[in-house]
Amino acid sequence: MTREREELIDYLLGELPLERSRDVAERIARDPEAASERDLFEESLRVIRAAAATGWEARRGRARLIWLRPALAAAAVIALVVTGTFLLNGGHHAHTVYDPDGAIGYARAEETDAAGSVFLPARGDGITVRAGKVEVAAIGSDRDYPLEPGETVPLGSDVKSTAEDCARLDLPDGGIVFLRPLSTVRLRAHQQGGIALRLIDGVACTVAGPRPLHLAVHETDLILRLRNGAALLRKRPAEAVALRGQLFLLLEDGKRFRVPEAELLPAACAKAPATKPVADGELDLDWYRDLVFQPGWFVEELQLDEDGRCKPTWCTGPEAMLYLRLVPPASGALRISFGGEPREFALHSDSELRLRLRLRDLGPGPVLHVTPAAGLKEARVFGVQPRGK
């Protein structure tokens, strides 16, 4: 951890002498990178302090209680100072409730476990073909050769999925790459460390491991850094989507633009970055889900009315799950019901909340009611079973 980051944290905690505080404030004013890090640290600290003050509570007896007591919050802040990456570079913040708390998948936020980890993390020192078949060629070479699951891809290669198969590649730093059929990526080492991936053609879904992934879409200004979470890259049209976590567009003069989660960033945008919300159905992730999950998976985007009500189509299966993401405009309580006794969760102003719950635990249906619905960013019902290890 650099001295600059240590001073930034001390500054936010009010633990710097007055003279040094002025120096840090001046550095933030002239350095966009420092200002961006300040914003991320402030968000983390706000979440920790809010949770320490009020805790998380679900009303029903069988609900999972999540409390972050003052002593634990202090320990979390200490961990932040010691490691320099806690909450800034990895994981979900404290306002996340997953119930049941099991790892399911990779790309979407609802598919991770309560700690933000992905199911079946990658292992090994090289780039390994985990599923599907690919063709590999050295960069600049016209000669390619096939690889099957279990075989290793050398760095400095162009990797192409076949017309018949999606593919999964496990990266040495714990990251994952999913390729739609007839997609090509270029993989090599990045000067700053870690893996650099350039999408040459088709569609790729990337999941960052403990180290960030350096991403680009060939012949466009989409030069990106996936700090954690997952991203979707498409060549035609050229665009990137922040599926979950922290995806940054790298701009001139060391500046960065953070792509909001569940929003799409088109190419030719580096001069004036602008994004738009994108629904699950617009992402065309069926190929990914066919690769990762057993047959019979389903995903339904929910459209709640002004009263926060809707009637999901998929509501009878035992595997049906509800996922919500919201940034409430005010503190209070979130109530969710599905024909049974409502469950209640605390809301803190401007602190993002994620929920993943079994529909069958919310009642017999058929109408879902979420109140207040203000600040709701994502709402889906889904049902998936992972393929075997």
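So, with +1 on the Cβ of K and R and -1 on the Cβ of D and E, and no other charges, what is the size of the charge dipole of the stretch 127-282 about its Cα centre, to the nearest 20 debye?
That gives the stretch 127-282 a dipole magnitude of about 440 debye.
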Quick check on my link table: of 235/255; 160/235; 235/276; 311/377, which ones sit more than 21 Å apart, alpha carbon to alpha carbon? 235/255
I'd like to know which of 243, 140, 254 lies farthest towards the positive end of the charge dipole of the stretch 127-282, counting +1 on Cβ of Lys and Arg and -1 on Cβ of Asp and Glu. 254
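Every read-out reported here was derived from the displayed coordinates using simple, explicitly stated rules and does not represent laboratory data. Please read all numbers here as calculations on a predicted model, not as lab measurements. Note: ideal-geometry Cβ built from the backbone for every residue, glycine included; neighbour counts use all protein chains shown.
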